[in-house]
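Any read-out appearing in this document is the output of simple, stated calculations on the displayed coordinates, not a laboratory observation. Bear in mind that the values here come from a model prediction, so they are computed numbers and not experimental data. Virtual Cβ from ideal backbone geometry, glycine too; neighbours counted across all protein chains shown.
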């Protein structure tokens, strides 16, 4: 939960699986997006970054591929966060998005344990370097 709020500048750009439908047009309903993520159904959410104005974070669920739910998120600095969520990971991320929908206050620390979804994700920098969100 804390990493998402502090690193919301991550961008995901995963190709859709063969035969998959394009995600719907971007929406602005975090609760509906969280439901789609929980079900691993294609969806897009576009919301203002909580710390970097006027940047908008684009969350995208691409659907299932090889038993994992593909998700990505745009970030400032031309970075992306790419995730291949397990069921546990997507449940944790959906819960966090629901909390953000309720205007949860930003809080956290680098000393806190990473959220359950973090082990399923990588940050991709502008030059293509990859690094895990959590180890």
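Along Cα→Cβ, 7 Å out, is where each label goes; now give me the distance between the ones at residue 87 and residue 113 in nm to one decimal. Taking the two extended label points, one gets 2.1 nm.
Using 0.36 nm per residue and subtracting the Cα-Cα separation, the extra length available between residue 49 and residue 99 on full extension is 16.5 nm.
Potential lengthening of the chain between residue 29 and residue 56 amounts to 8.3 nm, from the contour at 0.36 nm per residue minus the alpha-carbon distance. Normalised by residue count, region 23-71 yields a Cα convex hull volume of 72 Å³ per residue. Per-residue extension of 0.36 nm, minus the Cα-Cα distance of residue 129 and residue 66, leaves a gain of 20.3 nm for this segment.
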